[in-house]
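The values are calculated or read from the model by the stated rules, or taken from the named source; none is laboratory data. The structure displayed is predicted, hence computed values, not measured ones. Cβ coordinates were reconstructed from backbone atoms using ideal geometry, including for glycine residues, and neighbour counts include every protein chain displayed.
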Amino acid sequence: MLPVAVSAAPGLVRDGLRCLEARRMAVIVNVNGHITDGQSAVVPVLDHGFLYGEGIYEVIRTYERRLFLFDRHVARLRRSAEMIELPVPFTDAGLYSRIRETIEVLDRERDRGGWGPETYVRVLLTRGAGEISYNPSFCRTPTLVVIVKPLVPQPSEVYGDGVRVVLVPIVRNHPGSVNPLIKSNNLLNNALAAQHALREGAFEAVMRNYRGELSECSLSNLFVVRDGAALTPPIDAGLLAGITRGFLFEVGEAVGVRVLETTLRDEDLLGADEAFLTGTTLEIIPIVHVDDRTIGSGRPGPVTRKLLQQFRSMAHERSRGV
Ligand SMILES: Cc1ncc(COP(=O)(O)O)c(C=O)c1O
């Protein structure tokens, strides 16, 4: 049996990819309906998720204690499942209740630990346990895991000062291989890119696709700002259709910033007026350096700041049902 979550993070790790604090982190895990703390949660080693990385996942966060854009996350989970022919053994409402009951257990810990009100939710669905064989018919029941923990926001300097990213030599998966559209538990491509960035002391790793065009980062989507418009690579550049990326089109519309898909190359990023990353837990993070080059003025630009402010206000309003 394999522990699926670790509940303590020694020391302060501020690598940009994660900000883990020295305080003991409360992690609650729900494995097929069985709720335990992170240390005790187990899945069988014969689960094809463990053996072969055959599984998919979603990361959702709360605003105002409500699951943000839940419907879009479940829809993407279902699309990912379809792309690996994995049956989804729950309704949307069933998954919602499974997450809520797990968060309720976390809420009992939350106040004791002095954590903030918001929650990080990771939903994993794997092929389930079966014979050591690629034949999926050996796996009768998919494994559904829900991991919840208090959401630790990025430090405010990340938004106030911006971050440095690096262009890495790791090529983003070819869409004809493990298609980046699948939010797959098989994250080796992402992990290798992220590890490269960590070695270089950078916040994120920007990957190119097999054609040499910019695609996305290890755990976020990429945008550049040119002539007042926010530009992001199209889906066929081979990337995850980020929920935050998708929401940004609505944010841009609300605030009068054009958001467009277009092919981007290194020079578009290096010569951009502004650039930023998007992701569920990151929101919108300004990029001010790429490798040893400064982007724009070297400070978070006006378009990025406007989008971030609008994004946050729309996220809170939607969650309050305004
Ligand atoms: C490779 C990759 N791209 C983009 C994103 C951002 O997606 P979202 O906005 O849905 O969090 C993620 C999030 O984990 C990711 O792993």
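Annotations for the structure displayed:
- In the stretch 127-142, the residues that are closer than 18 Å to S80 by Cβ and touching a Leu at 6+ places or on another chain (Cβ under 7 Å): R127, P142
- Flag if A230 is part of a loop (DSSP other than H, G, I, E, B), in contact (Cβ under 8 Å) with a residue 12 or more places away in the chain and touching a helix residue (DSSP H, G or I) at 6+ places or on another chain (Cβ under 9 Å): no
- Taking first residues from the stretch 21-42 that are surrounded by 14 or more Cβ atoms within 10 Å (Cβ to Cβ) and partners that are at pLDDT below 95 and among the basic types (K, R), the Cβ contacts under 7 Å between residues at least 6 apart in sequence or on separate chains come to A26/R110.
- Every residue from the stretch 262-294 that is part of a loop (DSSP other than H, G, I, E, B), free of Cβ contacts under 8 Å to residues at least 60 places away in the same chain and away from the ligand (no atom under 16 Å from the Cβ): T262, T263, R265, G271, A272, D273, D292
- The set of residues from the stretch 214-241 being within 10 Å of the ligand (Cβ to nearest atom) and either out of contact with any Asp or Glu (no Cβ under 7 Å at 6 or more places or on another chain) or among the basic types (K, R) (or both) comprises S215, E216, L219, N221, A241.
- Scan the stretch 102-140 for residues that are over 22 Å from the mean Cα position of the chain (by Cα), of a type outside the set (G, A, S), over 25 Å from L181 (Cβ atoms) and surrounded by 15 or more Cβ atoms within 10 Å (Cβ to Cβ) and the total you get is 5.
- Leading residue by the ranking (nearest to the ligand (Cβ to nearest atom)) among those in the stretch 242-261 that are part of a loop (DSSP other than H, G, I, E, B) and surrounded by 15 or more Cβ atoms within 10 Å (Cβ to Cβ): G242
- Condition met for L214 (touching a Leu at 6+ places or on another chain (Cβ under 9 Å), free of Cβ contacts under 8 Å to residues at least 60 places away in the same chain and closer than 29 Å to S313 by Cα): no
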